[in-house]
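Worksheet: one structure, shown below.
The values are calculated or read from the model by the stated rules, or taken from the named source; none is laboratory data. Keep in mind that this is a model prediction, so the values were computed, not measured. When we count neighbours, we look across all protein chains shown, and the Cβ atoms used for this are built from the backbone with ideal geometry, even at glycine.
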Amino acid sequence: MSGIVVTGISPGMGRRLGQQAREWLPALVVFALAIAAWEGAIAAFHIQQFLLPKPSDIVKSCWEQRHTLWPAGWYTFKEALGGFVIGSLAGMAAATLIGRFKTLGAALMPIAIAANAIPIIAFAPIFNQWFDPLSPNSKMAIAAVLCFLPVMVNTLRGLQSASPRQVELMRSYAASSFTIWRRVRVPTALPYVFTALKVASVLAMIGAVVGEYFGGSYDALGVLIRSKAQILDFTTAWAGILVASLLGIALYAAVVACERLVVRWAPEARDS
Amino acid sequence: MSSAAAATLPTRRTFTAPLAAGTKRAAAVVCVLAALVGLYELYHWVWVSTGWTHPFVVDDTTMPHIWVILHALWQPAQVNQPALGTILFHKSLFTAKEAAVGFGLGAVIGFAIGVVLVHSRLLTRGFLPYIVASQTIPILAIAPMVVIWVNPKLPAGVQGWGSVAVIAAYLTFFPVAINTLRGLQSADPRALELMRTYAASRWTVLWKLRVPTSLPYVFAALKIAATASVVGAIIGELPSGLQDGLGGAILNFNQYYSIEPQELWATNIVAALLGIIFFVGVVAAEKAIVRRAPETVE
């Protein structure tokens, strides 16, 4: 079950990132064609502005309202980042603890996987009641809980996937269990951890925005998108969505960059 | 590939071994559930008796007792109405319908995308970045637009819940597309070459080799997609104003939280069960279909 976490990246994409721009040419062409088709379709079929605004209008609105949109995005981004850090650290800590005790891990694993199937977003209103709905803490908590499970499950799987032969070799050299953990288990686990962190980075941003749907500060992006959609100002709403996506991609890209810095020794692991 | 051995193995096995394993697992689940409930009540008791307010104030509103939540399921939420449990059961059926349709739609689209992309590196390079980027879009933010946009185009019978199913499908297609692509690409190159030397058509290679190899990957994705479809259905209901599903119930009970917190908790527990049921359903399907996959993806 590699599957609790799906990597958002095709085989080799991480490695290709730095390579020739030629690799990215098809993507750029698709982008240009899609934008042109979007603009053209609106002009050709007279799609009403409020349903699907033109991309040029969205970008324009993104720029014109930068003084409200970007601070709101930053506010939500901080919530997502806080939740991401707290949830991921807690997930790794829990996995390290559980990994120490084999039977506990074996008993908890199926439950953790089942718990992963719980639509945690549905609990967002309860977090809003626990922490003040207007405070960023409630969104941070939602994002943290969303990040916790995938990181924990994948870290545990990574720690357990160390090759028995390597562990035995270390034992034969009389290495302490801490040394084995430090030299074998953690390096083996890191690619798994980063796979989970990539998923968690996307979840954190979504968790923060969704949490704001159930009530949040007026400075927040989710509240802004919702209120603009309610007054049918869809151009601004889409501009807000664009900001949210860009920030989500930025967090994702930051995790990918960290992965490339940290997991140097396992080139094949980057692909998985 | 010792497919012959793998095929005979399961039939030889007696039924007692899996049964015993099942009982053991069920016992473990009950133990952990009991432990979780115990922890919850312990936390409640410690925080209330010591008066701690960090990280949040604990009282019967913020953390209602488990028995109060369970009891609420047998109580009518409003006067002259059936029990909350009955209402939530019907609401979860409605949400399950949206999620199941979205799941099916998303899985088929995702699989088709994977099949198309595996045959063209150019298309993969052109589209994959956007398939990945599409998941960073907070779907809840788009949901109102999708509802307004999709609803009028749907036939009368599926209006309302149909647009929610579209949102569920949107969350479903991504993991399936990515993992189908990975699974189809993971076919053994030697087997591919062998097929080619026999002049097998692309179609034959796809169905006889690539698809069987990809199944474990696809099911890994379907497990994620099962949850995602339930999440999508609940989230999609929020801005659509639909009152028949769990999402509507969550919005509704959220407003009465300060008086009747146990109703929101009960709704969330039902939502959690629905997610787990979907997940277990896919696991069961995987057990039935991928029984003979020689190398399961761990």
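Is it the case that A:ALA72 is more than 10 Å from every other protein chain (Cβ to nearest Cβ), modelled with pLDDT under 80 and assigned to a helix (DSSP H, G or I)? Before you say what the answer is, go through the steps one by one.
Details: more than 10 Å from every other protein chain (Cβ to nearest Cβ): yes; modelled with pLDDT under 80: no; assigned to a helix (DSSP H, G or I): yes.
No; evaluated as a whole, the condition is false for this residue.
From the list B:LEU194, B:LEU273, which one is on the phi < 0 side of the Ramachandran plot, surrounded by fewer than 20 Cβ atoms within 10 Å (Cβ to Cβ) and more than 11 Å from chain A (Cβ to nearest Cβ)? Explain how you work it out, then say what you get.
On the way: B:LEU273 fails: more than 11 Å from chain A (Cβ to nearest Cβ).
The unique qualifying residue is B:LEU194.
Any idea which of (1) touching a residue at least 24 places away in the same chain (Cβ under 8 Å); (2) away from every other protein chain (no Cβ under 12 Å) is the one B:GLN159 doesn't satisfy?
Looking at each condition in turn, B:GLN159 falls short on (1).
Can we say B:VAL176 is under 30 Å from B:LEU242 (Cβ atoms), modelled with pLDDT of 85 or more and away from chain A (no Cβ under 11 Å)? I'd like the intermediate steps shown before the answer.
Working: under 30 Å from B:LEU242 (Cβ atoms): yes; modelled with pLDDT of 85 or more: yes; away from chain A (no Cβ under 11 Å): no.
Against the criterion (under 30 Å from B:LEU242 (Cβ atoms), modelled with pLDDT of 85 or more and away from chain A (no Cβ under 11 Å)), B:VAL176 does not qualify.
Would you tally the residues in the range A:117-140 being more than 7 Å from every other protein chain (Cβ to nearest Cβ) and either touching a Ser or Thr at 6+ places or on another chain (Cβ under 7 Å) or part of a helix (DSSP H, G or I) (or both)?
Our first condition is that a residue be more than 7 Å from every other protein chain (Cβ to nearest Cβ); within the range A:117-140, this holds for A:120, A:124, A:127-128, A:132-140.
Then keep just the ones that are either touching a Ser or Thr at 6+ places or on another chain (Cβ under 7 Å) or part of a helix (DSSP H, G or I) (or both); that gives A:120, A:124, A:127-128, A:132, A:134, A:136-140.
So the count comes out to 11.
When you scan the range B:232-253, do you find a residue that is more than 29 Å from B:LEU93 (Cα to Cα) and at pLDDT below 85, even just one? Quick ask: steps written out before the conclusion?
First pass over the range B:232-253, keeping only residues more than 29 Å from B:LEU93 (Cα to Cα): none.
Checked against the condition, which is being more than 29 Å from B:LEU93 (Cα to Cα) and at pLDDT below 85, the range B:232-253 yields no hits at all.
Quick one: would you say B:VAL218 is within 11 Å of chain A (Cβ to nearest Cβ) and touching a Pro at 6+ places or on another chain (Cβ under 6 Å)?
no
All but one of (1) more than 8 Å from chain A (Cβ to nearest Cβ); (2) of a type outside the set (Phe, Trp, Tyr); (3) touching a Ser or Thr at 6+ places or on another chain (Cβ under 7 Å) hold for B:LEU209; state the number of the condition that does not hold.
Here B:LEU209 meets the rest and fails (3).
From (1) surrounded by 24 or more Cβ atoms within 10 Å (Cβ to Cβ); (2) more than 14 Å from every other protein chain (Cβ to nearest Cβ); (3) not small (Gly, Ala, Ser), pick out the condition that doesn't hold for B:ASP188.
Evaluating B:ASP188 over (1) surrounded by 24 or more Cβ atoms within 10 Å (Cβ to Cβ); (2) more than 14 Å from every other protein chain (Cβ to nearest Cβ); (3) not small (Gly, Ala, Ser) leaves (1) as the failure.
Search the range A:210-227 for residues being over 13 Å from A:SER138 (Cβ atoms) and not small (Gly, Ala, Ser), and hand back the single one that is surrounded by the fewest Cβ atoms within 10 Å (Cβ to Cβ). Show your work before the answer.
Residues of the range A:210-227 over 13 Å from A:SER138 (Cβ atoms): A:218-219, A:221, A:224-227.
Now restrict to residues that are not small (Gly, Ala, Ser): A:218-219, A:221, A:224-226.
Numbers: A:TYR218: 10, A:ASP219: 15, A:LEU221: 31, A:LEU224: 28, A:ILE225: 29, A:ARG226: 23.
That would be A:TYR218.
Could you run through the range A:131-174 and say how many residues are surrounded by 15 or more Cβ atoms within 10 Å (Cβ to Cβ), among the small types (Gly, Ala, Ser), farther than 25 Å from A:LEU221 by Cα and at pLDDT 85 or above?
Residues in the range A:131-174 being surrounded by 15 or more Cβ atoms within 10 Å (Cβ to Cβ), among the small types (Gly, Ala, Ser), farther than 25 Å from A:LEU221 by Cα and at pLDDT 85 or above: 1 in total.
Does B:ALA133 count as small (Gly, Ala, Ser) and under 30 Å from A:LEU108 (Cα atoms)? Give the derivation first.
Details: small (Gly, Ala, Ser): yes; under 30 Å from A:LEU108 (Cα atoms): no.
Answer is no for this residue.
Among the residues of the range B:60-72, write down those that are under 24 Å from A:ASP132 (Cα atoms), free of Cβ contacts under 8 Å to residues at least 40 places away in the same chain and more than 11 Å from chain A (Cβ to nearest Cβ). Give the derivation first.
Restricting attention to the range B:60-72, the residues satisfying the condition of being under 24 Å from A:ASP132 (Cα atoms) are B:60-66, B:68-69.
Cutting the leftovers down to free of Cβ contacts under 8 Å to residues at least 40 places away in the same chain gives us B:63, B:65-66.
Listed by number, the residues that qualify are B:HIS65, B:ILE66.
Any idea which of A:ALA41, A:ALA27, A:ALA36 is over 29 Å from B:SER186 (Cβ atoms), at pLDDT 75 or above and surrounded by 13 or more Cβ atoms within 10 Å (Cβ to Cβ)? Steps first, answer last, please.
Values: A:ALA27 fails: over 29 Å from B:SER186 (Cβ atoms); A:ALA36 fails: surrounded by 13 or more Cβ atoms within 10 Å (Cβ to Cβ).
Residue meeting the stated conditions: A:ALA41.
If you scan the range A:251-269, which residues turn out to be in contact (Cβ under 8 Å) with a residue 40 or more places away in the chain and more than 9 Å from every other protein chain (Cβ to nearest Cβ)? Talk me through it step by step, then tell me what you get.
So in the range A:251-269, the residues in contact (Cβ under 8 Å) with a residue 40 or more places away in the chain come out as A:251-252, A:254-256, A:258-260, A:262-263, A:265-267, A:269.
Within the range A:251-269, A:ALA254, A:VAL255, A:VAL256, A:CYS258, A:GLU259, A:ARG260, A:VAL262, A:VAL263, A:TRP265, A:ALA266, A:PRO267, A:ALA269 qualify.
I'd like the full set of residues that are touching a helix residue (DSSP H, G or I) at 6+ places or on another chain (Cβ under 9 Å) and small (Gly, Ala, Ser), limited to the range A:117-139.
Correct list: A:ALA117, A:ALA122, A:ALA124, A:SER138.
Being closer than 15 Å to B:HIS65 by Cβ and within 11 Å of chain A (Cβ to nearest Cβ) is the filter here; which residues of the range B:25-44 pass it?
B:LEU36
Before we move on, is B:ILE259 in the same structural domain as B:GLN135 (by TED's automatic domain parsing) and either within 24 Å of B:ILE109 (Cα to Cα) or part of a helix (DSSP H, G or I) (or both)?
Numbers: in the same structural domain as B:GLN135 (by TED's automatic domain parsing): yes; either within 24 Å of B:ILE109 (Cα to Cα) or part of a helix (DSSP H, G or I) (or both): no.
Against the criterion (in the same structural domain as B:GLN135 (by TED's automatic domain parsing) and either within 24 Å of B:ILE109 (Cα to Cα) or part of a helix (DSSP H, G or I) (or both)), B:ILE259 does not qualify.
I need every pair where a residue in the range A:219-243 that is facing chain B (nearest Cβ under 8 Å) has its Cβ under 7 Å from the Cβ of a residue that is acidic (Asp, Glu), sequence separation at least 6 or different chains.
Note: pairs meeting the criteria are A:GLY222/A:GLU212.
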